[in-house]
Amino acid sequence: MIEVTSLTKVYGTGDGAVTAVDDVSLSVPSGQVFGILGRSGAGKTTLMRCLTALERPTSGSVTIGEVNLTELSASGLRKARHRMGMIFQHFNLLGSRTAADNIAFPLEVQGVPAAERRARVAELIELVGLQGREHAFPSQLSGGQKQRVGIARALAAHPDVLFCDEATSALDPATTEQILDLLKEINRRTGVTIVLITHESEVVRRICDAAALMASGRVVEQGPLLELLADPDSRLADILLPVGDVSLDPEHTSVVLGFAHGGTTEPVISGLTRRFGLDVSILGGAVETVAGHKVGRLRVALTHPDGGYDRDAVAAYLAEHEVSVHL
Ligand SMILES: Nc1ncnc2c1ncn2[C@@H]1O[C@H](COP(=O)(O)OP(=O)(O)OP(=O)(O)O)[C@@H](O)[C@H]1O
Ligand SMILES: [Mg+2]
């Protein structure tokens, strides 16, 4: 479990001060894939640098497991960092070392004996699907293969948490999907907690169990993905499964229906017409598989030929079918 409490990071002082992370509190449950989504400049990398103790926060605290990073000495921090793996957008591999020797590097630094290192590297090469490429140099590898080396190196010392900063942003869409699926598979097989920082909603949609939305240094929303997607008012849900804005709806009769826990296999919409005599127009929406579940969001305009309708009864009917709505 990662617990971030009232974390603030200010760069510079006086008129030039920039509050890159502004009073952020976060909980990341162990064993989850947790996404932090935000636009450029939102403060994601700064937050990640505080989580990995590469940066001292101005105030607030970061606890990973039982260890409060903000209370550690320099040597304590080095030890804590051995429990973390990190992967980066531009891979950060050593060009003069082969794939296998890049993966072995953190084990060398930690003084792991050569025979044990070789065995662990062989295991990791298999885990990330790089069999046959272990003696290639980074310049001889594709972007996707380089990131596989980066992932294997980050996992070498059996970290508790894998931190990924824009791990797929330098890759094409097909390779991005492969690398994301590999991360999910590693999470499933090893139970390692993964924190992914990204500006791409596809990354969150594809593999995250839970997520936070960052804007201007703040976390504006966080929670389990399915819960957020079931919330018609969620901003994160609107980024992940956009339903179009209210300008599509000049009559102002539209509502957002969230199908996160069910409802996608039942004729709920035609039920609104049959049971309540409502006219239903679909203004926008999306249905996707998110975190292995079929999830949908629809913006629909609900009108009744006679004018009004019984909102409480409609809300109860939708709730019965596990469709969330705020009428
Ligand atoms: N070392 C630094 N010194 C001063 N300001 C900084 C420093 N690092 C980041 N900032 C500022 O903090 C804010 C957040 O930057 P950060 O790099 O954390 O954003 P980000 O969400 O990772 O953006 P991107 O998606 O572009 O990587 C920005 O306004 C940035 O200019
Ligand atoms: Mg960044």
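The values are calculated or read from the model by the stated rules, or taken from the named source; none is laboratory data. Small disclaimer: the values here were computed from a predicted structure and weren't measured. Cβ sites come from the backbone with ideal geometry, for glycine too, and all protein chains shown count toward neighbours. Side chains are part of the model used for accessible areas, which takes the heavy atoms of the whole protein and leaves out ligands, DNA and RNA. Shrake-Rupley method; radii C 1.70, N 1.55, O 1.52, S 1.80 Å.
For the range 50-84: of the residues being touching a residue at least 40 places away in the same chain (Cβ under 8 Å) and touching a Lys or Arg at 6+ places or on another chain (Cβ under 8 Å), which is farthest from ILE2 (Cα to Cα)? This residue is THR58. Scanning for something within 21 Å of the chain's Cα centre (by Cα), more than 16 Å from ligand 1 (Cβ to nearest atom) and either open to solvent by 40 Å² or more (accessible area, probe 1.4 Å) or not assigned by TED's automatic domain parsing to the domain that holds ALA156 (or both), does the range 66-75 turn up at least one residue? Scanning the range 66-75 turns up no residue that is within 21 Å of the chain's Cα centre (by Cα), more than 16 Å from ligand 1 (Cβ to nearest atom) and either open to solvent by 40 Å² or more (accessible area, probe 1.4 Å) or not assigned by TED's automatic domain parsing to the domain that holds ALA156 (or both). For the range 109-161, a residue qualifies if it is charged (D, E, K, R) and either open to solvent by 70 Å² or more (accessible area, probe 1.4 Å) or not assigned by TED's automatic domain parsing to the domain that holds THR175 (or both), and the qualifying residues are GLU116, ARG118, GLU123, GLU126, ARG133, ASP160. If we scan the range 35-43, do we find a residue that is exposed (fewer than 14 other Cβ atoms within 10 Å of the Cβ) and in contact (Cβ under 8 Å) with a residue 40 or more places away in the chain? Yes; the residues of the range 35-43 include at least one that is exposed (fewer than 14 other Cβ atoms within 10 Å of the Cβ) and in contact (Cβ under 8 Å) with a residue 40 or more places away in the chain.
Contact map, the range 292-317: first residue in a helix (DSSP H, G or I), second residue of a type in the set (D, E, K, R) and loosely packed, with under 12 Cβ neighbours inside 10 Å, Cβ cut-off under 9 Å, separation 6 or more or different chains; pairs are ALA313/ARG275; VAL314/ARG275; TYR317/ARG275.
Residue by residue, here is whether (1) of a type in the set (Val, Ile, Thr); (2) in a loop (DSSP other than H, G, I, E, B); (3) over 18 Å from the mean Cα position of the chain (by Cα) holds:
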| site | (1), (2), (3) |
| --- | --- |
| PRO159 | no, yes, yes |
| ALA174 | no, no, yes |
| ARG206 | no, no, no |
| ALA212 | no, no, no |
| ASP238 | no, no, no |
| PRO250 | no, yes, yes |
| LEU257 | no, no, yes |
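Any residue at all in the range 10-20 that's out of contact with any Gly (no Cβ under 8 Å at 6 or more places or on another chain) and in contact (Cβ under 8 Å) with a residue 40 or more places away in the chain? Yes, there is a match, as at least one residue in the range 10-20 is out of contact with any Gly (no Cβ under 8 Å at 6 or more places or on another chain) and in contact (Cβ under 8 Å) with a residue 40 or more places away in the chain.
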